[in-house]
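See below for the structure under consideration.
Just so it is clear, none of the values below were taken in a lab; they were calculated from the coordinates. Remember, it's a predicted structure, so these values are computed and weren't measured experimentally. Cβ placement follows ideal geometry from the backbone for every residue including glycine, while neighbour counts extend to all protein chains displayed.
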Amino acid sequence: MQVDLYASERHYLDHALPVWDKLPDEIRGNVYFGRIPRRQEGHTILVAGYKDVGTLAHYPVIYVEHGAGQSYLGLDPSVQPFYSGGPQHRNVVGFICPNEEVVSRWNARYPDKPAVAVGCPRLDPWHAKLRGEPDERTVAITFHWDAQSTGVPETTSAFEDYCQDLPDIIARWRALDWTVIGHHHPRHRRLAEYWRETGLRNLVEYVEDVSEVLDRASILVADNTSVQAEFLSLGRGVVWLNRTSKNGHKYRRDIEHGGRFWHWPTLGGQSVDTPTDLAMLDLSNLPPVTGHPYTFADGRASERAALSVCRIIGASQP
């Protein structure tokens, strides 16, 4: 019995690799990054995204959530498989989840398949305090990619609502001795270019690797991303950027998806609705964090996940 790892994208690898690393030597197989593995008898494959579940549709796989496991009411059927609890995961033999809410979604969809809440394996080094403390005066900004195909307004990006005002806002923060770093979702390539252009004016330092964001920033300003949940779990400040009505899009207050809409903002940080609200915000005086959405944040999520993998495949436990 062997457990391999397959990841088509870097952020999938980041979430699955810590689990694979904690497996017992005798069952730890190979890592395939960007290269589809050959199917072998007795091999189960760790993946961390529905895209890879679909690619390996005829392989037995174990699914590791690559974020905080958000889902949304009213998703278009064509995109439902990409969110937690979605269909078309028949080849999945078990689910590794960040919390019990995600477990319940998978249990509802596949009651005969094990789903286990372990926390977030990728965050173990930060939860175990093995990586350095962030700079108290570094703020990171990022935006969700514009996922209009979901049919859910809350998955659209607020970037268009704020981008014209960001240079002035950032210049104000820098005048107050804040270091500002810009990050982007892997699917939001336009945002990467925006940060590079803004960086030419010496306003923003563009940072591609989210691990560097976690290392350096004490505050995250964002519309919708699992990194917000990660900052909450580290007790760091979060500014929640909402959409109101520009271009006919807005984040609806009367729709409760859970997660970012609207549970996470109740756990700390400050919500803003407009660029004016953001410009007026005192980053040094955000409401404190009182909770986070992970079942565990103790630096041992990878160990729990590896133990769960062994149980799922019936192997000797570490």
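Things worth noting here:
- Backbone geometry of region 265-274 corresponds, through the Karplus equation with coefficients 6.51, -1.76 and 1.60 at θ = phi - 60°, to 3J(HN,Hα) couplings of x, 6, 8, x, x, 10, 8, 10, 10, 9 Hz, x marking Gly and Pro.
- When peptides 119-130, 229-240, 173-184 are ranked by their average number of other Cβ atoms within 10 Å per residue, the highest-first order is 229-240, 119-130, 173-184.
- The GluC sites (Glu not before Pro) of region 40-121 meeting both criteria, a DSSP state outside H, G, I, E and B (loop) and at most 12 other C-beta atoms within 10 angstrom of the site's C-beta, are Glu41.
- Average Cα contact separation per residue, region 130-285, under 8 Å, 6 or more apart, as relative contact order %: 26
- Contour minus Cα-Cα distance for Glu205 and Thr266 (0.36 nm per residue): 19.0 nm
- Taken about its Cα centre, region 130-285 carries a charge dipole of roughly 240 debye when the Cβ of each Lys and Arg holds +1 and the Cβ of each Asp and Glu holds -1.
- Rough spin-label spacing in nm, given labels placed 7 Å along Cα→Cβ, for Arg131 and Phe33: 1.5
- Tilt relative to the chain, helix 10-21 - C-alpha long axis, 0 to 90 degrees, to 10: 50
- Evaluated on the chain, the Kirkwood hydrodynamic radius is 20.3 Å, with distances taken between all distinct Cα atoms.
- Taking 0.36 nm per residue of separation and subtracting the current Cα-Cα distance, fully stretching the chain between Ser149 and Ala108 would add 12.3 nm.
- Translational diffusion of region 130-285, estimated by Stokes-Einstein from the Kirkwood radius over alpha carbon pairs at 25 °C in a medium of 0.890 mPa s, is 157 µm² per second.
- Stretched out straight at 0.36 nm per residue, the stretch from Glu9 to Thr179 would grow longer than its current Cα-Cα span by 58.3 nm.
- Take the Cα of Arg253, step 7 Å toward its Cβ, do the same at Arg172, and the gap between the two points is 2.2 nm.
- Expected 222 nm ellipticity per residue - DSSP helices of 4 or more, -39500 (n - 2.57), all of the chain, to 500: -8000 deg cm²/dmol
- With a Cα cut-off of under 25 Å and a minimum spacing of 8 residues unless on different chains, the lysine pairs in the chain number 4.
- Distance distribution note for region 219-318: the fraction of Cα pairs above 21 angstrom is 46%.
- The calculated P(r) of region 162-239, using every Cα pair and 5 Å bins from 0, goes 3, 15, 26, 27, 20, 8, 1 in percent.
- Rounded to the nearest 20 debye, the dipole magnitude of the chain is 660 debye, with +1 charges on Lys and Arg beta carbons, -1 on Asp and Glu beta carbons, and the Cα centre as origin.
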